[in-house]
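The structure under discussion appears below in the form of structure tokens.
The values are calculated or read from the model by the stated rules, or taken from the named source; none is laboratory data. Everything numeric in this text was worked out from a predicted model, so none of it was measured. Cβ placement follows ideal geometry from the backbone for every residue including glycine, while neighbour counts extend to all protein chains displayed. In case anyone asks, the SASA skips ligands and DNA or RNA and just uses the protein heavy atoms, side chains included. Shrake-Rupley method; radii C 1.70, N 1.55, O 1.52, S 1.80 Å.
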Amino acid sequence: MSTKFLLLFGFASAALAACTQDKMSEPSEEVTGEVFLTLNTEGMAPQSKAVVEVGVPKPEDLTVEIFKKTDLERVRLYRDTYNKTAGKSIKLNCADYTMSAFYGDSLAVGENRAYYEGTVDFSLTPQNRTAQVEITAKVANVRVSVEYGDNLLYDYPEFYAKVRSETAGGRKKSAEFYQDEYKKKTFVPYGTLYFELYAKVDGQWKYFPARPVEPKRGDDVVFKVDTERLYGSQGINVTIS
């Protein structure tokens, strides 16, 4: 999926986390049940251009975690590889849970740092003590790239762009794109994206921020940046689509 955003700027050239607790103990003497996991490998097939280019992880590369759902904190009760989890009976007390299967680092930044994740909520009760869980792991971060227009390249010999990502938990990561990196495609954490253009105008570095954008998980976001032709010292308009 390719997502495009359109934003306009007008500037004068002269002035320019949730806490996680591990708890790997055995179930207590309370009423217990069991859960079995199946990975939907067909669902991991490429669903965007980014996935086609970077490929998908092998099932054995995935990590599985189980968290007990509580009001105060995330309590992790289980963590292991998918190979050691598939088809295995996992004993748990009757309660509400979230199971996650993932691959990679959700906060990583890089050209080949796709992060895959799938989550499923399930419950074990005294009446239903067995749960069959199927998980599909898909790209859960965002890939961004920047394309510079001819006017910007012609009129401004020194410039670069920065794309910042801020997650829902307040974690901030960024990627920079210099003027010769028009083919660079970089994964960033899923979150609100802030695009910033830095250009040298009249011998001084100027900063052009854009309105934040909200991509979807797995999106391939392309920022197309250009300016109107520069004549003398008149103001410039930066267009990002």
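Go through segment 34-54 and count every residue that is at pLDDT 65 or above and open to solvent by less than 30 Å² (accessible area, probe 1.4 Å).
3
Among residues belonging to segment 161-170 that are surrounded by fewer than 18 Cβ atoms within 10 Å (Cβ to Cβ) and of a type outside the set (Lys, Arg), point out the one that is farthest from residue 140 (Cα to Cα).
That would be 170.
List pairs: first in segment 210-225 and under 13 Å from residue 164 (Cα atoms), second of a type outside the set (S, T, N, Q) and in a loop (DSSP other than H, G, I, E, B), Cβ under 7 Å, 6+ apart or cross-chain?
Close Cβ pairs satisfying both conditions: 213/5; 221/215.
Among the residues of segment 171-185, is any farther than 23 Å from residue 115 by Cα and either crowded, with 16+ Cβ neighbours inside 10 Å or in contact with a Pro (Cβ under 7 Å, 6 or more places away or on another chain) (or both)?
Scanning segment 171-185, I find at least one residue that is farther than 23 Å from residue 115 by Cα and either crowded, with 16+ Cβ neighbours inside 10 Å or in contact with a Pro (Cβ under 7 Å, 6 or more places away or on another chain) (or both), so the answer is yes.
Could you give me the residue pairs with C-beta distances under 7 Å whose first residue belongs to segment 78-104 and is part of a loop (DSSP other than H, G, I, E, B), whose second residue is among the β-branched types (Val, Ile, Thr) wherever it lies, and which are 6+ apart or on separate chains?
Pairs that qualify, where the first residue is part of a loop (DSSP other than H, G, I, E, B) and the partner is among the β-branched types (Val, Ile, Thr), are 82/64; 85/64; 94/31; 94/32; 94/125.
Results for (1) assigned to a strand (DSSP E or B); (2) touching a Leu at 6+ places or on another chain (Cβ under 6 Å); (3) surrounded by 20 or more Cβ atoms within 10 Å (Cβ to Cβ), shown as yes or no for each residue.
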position	(1), (2), (3)
147	yes, no, no
154	no, no, no
187	yes, no, yes
190	no, no, yes
193	yes, no, yes
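From the list 142, 133, exactly one residue is out of contact with any helix residue (DSSP H, G or I) (no Cβ under 7 Å at 6 or more places or on another chain), buried (at least 18 other Cβ atoms within 10 Å of the Cβ) and more than 30 Å from residue 92 (Cβ to Cβ). Which is it?
142
So in segment 105-129, with the set limited to residues that are open to solvent by 50 Å² or more (accessible area, probe 1.4 Å) and in a strand (DSSP E or B), which one is farthest from residue 217 (Cα to Cα)?
So, considering only residues that are open to solvent by 50 Å² or more (accessible area, probe 1.4 Å) and in a strand (DSSP E or B), the one farthest from residue 217 (Cα to Cα) is 123.
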